[in-house]
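Data block below; observations after.
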């Protein structure tokens, strides 16, 4: 089916309000969500798309909603990029090591993030926590869009969720029962922790301060991914998963608010996925890149925690017609998983399988957007294989595989070359948390373990550094991207950071989430330094990244840039020191 067939050949949904009584289609489990990329101007398509309750993201993308009965839900029907991918968490000594305390305390600089918005898309936030309140007890949060609450009103231009303003939050804070007035919660605690690391208010008694305690906060509480997507991608029942469409609309919302308030915005994205070609060409990466075309908008994300997880393989075939075997370990009680194969054009490959019991499926000739289903005679296992000879956004060959009820043991995936140019191919399992711990490659590769969206060239991507030991965090995602772009841009401290926890408490957080939150706070301080200039200077994302790279600490034992640290270790104060050396 061609992209336009999604629009033109399907019947309309039920009459009346899309999504059925009481629930908008973005929330209803009776509707699939489709990422649609405009190939005409948005205005010329709005009438035609109206039956699918479109929500405009930007000038490139819209989100459509189709009744599941229309069967517009899988990669064969709507294309790989049209199916929302699933994201999950990419999980004071550090402030000193990153040069942030020096930038806060140096009398001339005295940076705190004043005048800057920091935006988060996460599990929720405990807005009653002292970390998000000013000295007088009022909130530092200017807006919350809670996608999980359908009482409304939704933000302007959005069809679901409930928006709360800073005024409403303050009324709640000074009431007898805040959560009765503004029922935004964070059961998981992740959003509270990352927002606090980035910009929590100082707590002298607890020895805590966020990187940018003077900034203001925007927060999007993401709703959980729909059941049909969880089933399609075969993720574990207890997995925390958020879908790409909600992230895309959340980014659009935050950019609109920053325009209304005329304040610079740093978007801190601490979620990741391994679904995609790892060349920066997914819909979310496109939307984040486009968001930075707005003056004062900057996006900071992390490279994830995938090193050592056994979720990536890279191989190279030397001659046309040769084959390579990739071994995959599957433990007991694995209900299934999805797997992606990517290679550069004009290389072309066919794929086959050998089960743990020895049954072999010979490599199958690739035909674009055709799904082959294989049932094994002596086992309950089933494999669905869908080829994309030229995937729409990346231009690469993609093979999307679903293993259903796989037999425990060692599986072999045979990759046979049909047309050879470079000879390299990659396979990725889902990110940790979205696949059973008992599924991993037998001989994995540590390089190119960046999570998406950190592969996008325009975004600031940080690896994770252990400020206590002076070494890299053991699981920090490593570059480069599949097409050789240098990522990460630098590494930030992200081990054992003090962070707020729901209920007015504090906890510790380690990993990519902590590092990217710290880096986002540093970006807010740098943005504030630009506003203090006369006339005020709005740094572009490229300027911010280049300044971070200029100020980064580099050590004689390493060559730079490298796959672990990029251009070095984050040192915000080092940026200002570097100007003195010019």
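Bear in mind that the values in this text are calculations on the coordinates, not laboratory data. Since we're looking at a predicted model, the values are computed, not measured. Here the Cβ positions follow ideal geometry from the backbone for every residue, glycine too, while neighbour counts run over all protein chains shown.
Numbers at a glance
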{"quantity": "Computed [θ] at 222 nm, deg cm²/dmol, the chain (DSSP H ≥ 4; -39,500 (n - 2.57); rounded to nearest 500)", "calculated": "-6000 deg cm²/dmol"}
{"quantity": "Listed peptides 415-426, 115-126, 71-82 by packing density, highest first (mean Cβ within 10 Å)", "calculated": "115-126, 71-82, 415-426"}
{"quantity": "Potential extension, residue 555-residue 375 segment - 0.36 nm per residue separation minus Cα distance", "calculated": "59.4 nm"}
{"quantity": "Two-decimal Rg/Rh across the chain, once Rg and the Kirkwood Rh are taken from alpha-carbon atoms", "calculated": "0.97"}
{"quantity": "Ranking of 429, 410, 434, 378 by count of other Cβ atoms within 10 Å, fewest first", "calculated": "378, 410, 429, 434"}
{"quantity": "For segment 219-280, the spread of Cα positions along each principal axis, largest first, Å", "calculated": "43, 27, 16"}
{"quantity": "Evaluated at q = 0.11, 0.13, 0.18, 0.20 Å⁻¹: base-10 log I(q)/I(0), Debye formula over Cα of segment 312-441", "calculated": "-0.35, -0.50, -0.97, -1.19"}
{"quantity": "Under the Debye formula (equal points on every Cα, no solvent term), log10 I(q)/I(0) of segment 163-270 at q = 0.12 Å⁻¹", "calculated": "-0.56"}
